[in-house]
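Each remark here refers to the structure printed beneath this line.
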Amino acid sequence: MNLHMRQKELDEVVISRAILAEQNAVMMDYLDLECAVVGGAGPAGLTTAAYLAEAGIKTGVIEKKLSVGGGMWGGGMMFPRIVVQDEARPILDKFGITYKEYQENYYVASSVEAVSHLTAAACDAGAEFFNVTMVEDVVVKGDGRVSGLVINWTAVEMARLHIDPLTLRTKYTIDATGHDATIAHQVKNKGGDLPPIAGEGFMWADRAEANIIEHTKEVFPGLIVAGMAANAVAGENRMGPPIFGGMLLSGRRAAELVIEKLL
Ligand code: 48H
């Protein structure tokens, strides 16, 4: 029996050309975005990206890590399970994420399945992912809006190389960078008119989850905060053990805000 796969000759350089040609075309196209979701591979950003792309909004997901999932991938203390409360169940249902009822109002799902389904939904709807890419600064010009992002390879920062970045243009930016609220801090540090960023408070799950939707808002023209970044900017409590309903609901809310503005 012949165990070799029967196939035509393959040219390594053609493979390289295919990758470069395709990704260059995508990058050229995505230098002009309707919405950039920074930290878009965390649960809030993935949810935002899926809803935005589904609404037909040209969405770029910018993620500094190689992997998707942000803090959801590892579940709670590396037990790959998340808990979601009643209010967020429609989002699990929409994205085909299965779950079991643990007790009333506590539903348990696989963190790996949740991340995979959200990522697939965002891709299927047409969002483009730019991973290993980080936002190191924002563009704010005479109109006083965040109208662009300054991007570079994560590896450049890790290697501490002095290599200048590139820039993309965007109508809206979602800061979905998690606990650090990186983009809001960049705007604030450069003198942007934002209220003081208090950083997140103690763990208080029900309060943190109840208030996150209210904190998901445009905090500076063109800049919307979502997920843990929204609570950090507001000085709100953290929700601690991996209860993820708030991240999904906040991600959906951020998408609704952009859709209201653009459509
Ligand atoms: C590009 C960046 C940059 C940058 C950061 O941390 P995340 O999972 O964020 P959320 O808000 O979607 O979810 C928070 C959740 O995971 C969590 O930690 C919870 C619920 N904790 C509760 C508690 O009390 O502890 O994802 C943020 C993503 C990450 O993947 C980062 O790599 C990425 O943002 N990121 N990407 N440019 N400058 N900064």
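Name the residue that is nearest to the ligand (Cβ to nearest atom), counting only residues in region 59-75 that are under 22 Å from residue 262 (Cβ atoms) and over 9 Å from the mean Cα position of the chain (by Cα).
So, considering only residues that are under 22 Å from residue 262 (Cβ atoms) and over 9 Å from the mean Cα position of the chain (by Cα), the one nearest to the ligand (Cβ to nearest atom) is 60.
Could you tell me how many of the residues in region 124-140 are in contact with a Ser or Thr (Cβ under 6 Å, 6 or more places away or on another chain) and farther than 17 Å from residue 165 by Cβ?
So the count comes out to 1.
If I ask for residues that are within 22 Å of residue 148 (Cα to Cα), over 15 Å from the mean Cα position of the chain (by Cα) and not in a strand (DSSP E or B), which ones from region 220-233 would you list?
If the condition is that a residue be within 22 Å of residue 148 (Cα to Cα), over 15 Å from the mean Cα position of the chain (by Cα) and not in a strand (DSSP E or B), then 221, 222, 233 are the ones that fit.
Go through region 234-263 and report how many residues are of a type outside the set (Ser, Thr, Tyr), surrounded by 20 or more Cβ atoms within 10 Å (Cβ to Cβ) and within 18 Å of the chain's Cα centre (by Cα).
13
Among the listed residues 120, 114, 125, which satisfies the condition of being among the hydrophobic types (A, V, I, L, M, F, W, C), buried (at least 20 other Cβ atoms within 10 Å of the Cβ) and under 30 Å from residue 96 (Cα atoms)?
On inspection, the qualifying residue turns out to be 114.
Does any residue in region 241-261 that is assigned to a helix (DSSP H, G or I) come within less than 7 Å, Cβ to Cβ, of a residue that is polar (S, T, N, Q) and surrounded by fewer than 24 Cβ atoms within 10 Å (Cβ to Cβ) six or more places away or on a different chain, and which pairs are these?
Taking only residues 6 or more apart or on different chains, the pairs are 245/85.
Does residue 88 satisfy the condition of being touching a Gly at 6+ places or on another chain (Cβ under 6 Å), under 19 Å from residue 255 (Cα atoms) and assigned to a helix (DSSP H, G or I)?
yes
Okay, residues lined up against (1) under 20 Å from residue 152 (Cβ atoms); (2) buried (at least 20 other Cβ atoms within 10 Å of the Cβ):
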residue: 7; (1), (2): no, no
residue: 12; (1), (2): no, no
residue: 29; (1), (2): yes, no
residue: 36; (1), (2): yes, yes
residue: 43; (1), (2): no, yes
residue: 51; (1), (2): no, yes
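Here's a check for you: in region 87-106, which residue that is over 17 Å from residue 73 (Cα atoms) and of a type in the set (Ser, Thr, Tyr) is surrounded by the fewest Cβ atoms within 10 Å (Cβ to Cβ)?
Per the criteria, the residue is 102.
Among the strands (runs of 3 or more DSSP E) contained in region 119-209, which hold 2 or more residues that are touching a Cys at 6+ places or on another chain (Cβ under 9 Å)?
Counting at least 2 such residues, we get 166-175.
All of the numbers you see were taken from the coordinates with simple rules; none came from a lab. In this text the structure is predicted, and so the values were computed from the model without any measurement. Glycine gets a Cβ as well: all are built from the backbone with ideal geometry, and neighbour counts include every protein chain shown.
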